[in-house]
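Read the figures in this text as sums done on the coordinates, not as results from a lab. These figures come from a predicted structure and were not determined experimentally. Heads up, the Cβs are rebuilt from the backbone with ideal geometry, glycines too, and the neighbour counts pull from every protein chain shown.
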């Protein structure tokens, strides 16, 4: 039974693929949103996000990628990054938007062209001192088997 539960959890966790995102000596287990439906769903309806987890949104080109907190139940820290992993823009403690509001939820960020963005649990940036200009690294595998590596070199990081 435990094996079945672990397998189900892994399938859910790696909905669009998965891997690692790192900042300095801290690593995060990453879920990947690569397709339009995955990006639209994002972290909707999640009750929590562990402090060592994140969601990486993959885009093929630079753009103004704002986030919409519709049906998001948890506050998030968000970093918009260029293809070298440099943090171009941040939004800290972006508040959740209740499903009761329907489509009346604000958007955040996306005011500067960026390649990707990453959502972390609220408080992560303050805890780690992450700010605009810092560099993140990533080592991801998409559902179709493609590898996506980039940003700052990945040191052996510890989970926090």
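Structural remarks
- Cβ crowding within 10 Å ranks 21, 58 as 58, 21, fewest other Cβ atoms first.
- Cα Rg, Dmax (largest Cα-Cα span) when computed across the chain, Å: 14.9, 47
- Rg over Rh [alpha-carbon atoms, Kirkwood Rh] for segment 27-85: 0.93
- Relative contact order (percent, whole number), the chain, Cα cutoff 8 Å, 6+ residue spacing: 28
- Helical runs assigned H by DSSP (4 residues or longer) give the chain a calculated mean residue ellipticity at 222 nm of -4000 deg cm²/dmol, each run adding -39500 (n - 2.57) before division by the residue total.
- Choice from 92, 36, 119 with maximal GNM fluctuation in the chain (Cα, 10 Å cutoff): 36
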